[in-house]
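Single-structure report; data block below.
The values are calculated or read from the model by the stated rules, or taken from the named source; none is laboratory data. Given the structure is predicted, the values throughout are model-derived calculations rather than measurements. All Cβ positions, glycine included, derive from the backbone under ideal geometry; neighbour counts span all protein chains shown. The accessibility values were calculated without ligands, DNA or RNA, using every heavy atom of the protein model including side chains. Shrake-Rupley method; radii C 1.70, N 1.55, O 1.52, S 1.80 Å.
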Amino acid sequence: MSAGVWAKLDALYILAAPDAQAARLNWISASYGLTEVNSPAFLANHGYTSDGATSYLRTGYIPGAGTLFQQNNASLGVYIGQNGRRGLAMGALSLPDYRGGHIARYAPEDGGYCACQLNETGITSVAHYSAFLDAGLVAASRGDAASVVRYKDGVTVEVGARASQAPPNLEFYLLAVNVGSPLVNGTDRIAAAFMGGALTAVEMGALHAALQTYLAAVGA
């Protein structure tokens, strides 16, 4: 992948694959392959969808000493291929302080809320939540102890002043958020997702462009 993005990621999932077995592979390494829980629906060349109640994907990925994802050097993102009932898309949070990282998108009828949280405590909605409601790549990157950059489709939307906290010792989930048990409430279709070290604006743009090219080629 161009712009040095590949070397900065621990996991890259292209869920919009020809078959479910390929969709569950981590393109970066043999580690952190996806596992279906309660049969999330797979659509060839489009991705996975939860039933909005119990089905999701386990990643086997817990940030730690052996990962590129670190307290002050981290990124995560999810490509929403099609909006369903918006809700929790990915992540892991420790309770009761909601420490960790996750992506959540809620439509106006559900409170008009979006979180792109990354190694911080407490859940704060983004300032420009409407920018994240359409399908596409929703992502966040942290390159220091003081702030998180939030992106939509490879473009910076805002920079949030958020003090960093160590990531929780919890596995990341897709189509859900791990809070010690899975929280599942959305039915968006996920076409791709990633986790790893911090990405610059140029790198985030390159990642989005590469995903767009692939998804267009398969008709996602």
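Summary table
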| read-out | value |
| --- | --- |
| Strands (runs of 3 or more DSSP E) enclosed by the range 16-99 - at least 3 residues per element that are open to solvent by less than 10 Å² (accessible area, probe 1.4 Å) | 74-82, 88-94 |
| Which numbered condition Asp134 misses (of (1) part of a loop (DSSP other than H, G, I, E, B); (2) surrounded by fewer than 16 Cβ atoms within 10 Å (Cβ to Cβ); (3) touching a helix residue (DSSP H, G or I) at 6+ places or on another chain (Cβ under 9 Å); (4) not β-branched (Val, Ile, Thr)) | (3) |
| Hits in the range 189-210 (condition: part of a helix (DSSP H, G or I), open to solvent by 10 Å² or more (accessible area, probe 1.4 Å) and not acidic (Asp, Glu)) | Ala201, Val202, Gly205, Ala206, His208, Ala209, Ala210 |
| The range 112-131 - residue that is assigned to a loop (DSSP other than H, G, I, E, B) and open to solvent by 60 Å² or more (accessible area, probe 1.4 Å) and, of those, nearest to Tyr61 (Cα to Cα) | Ile123 |
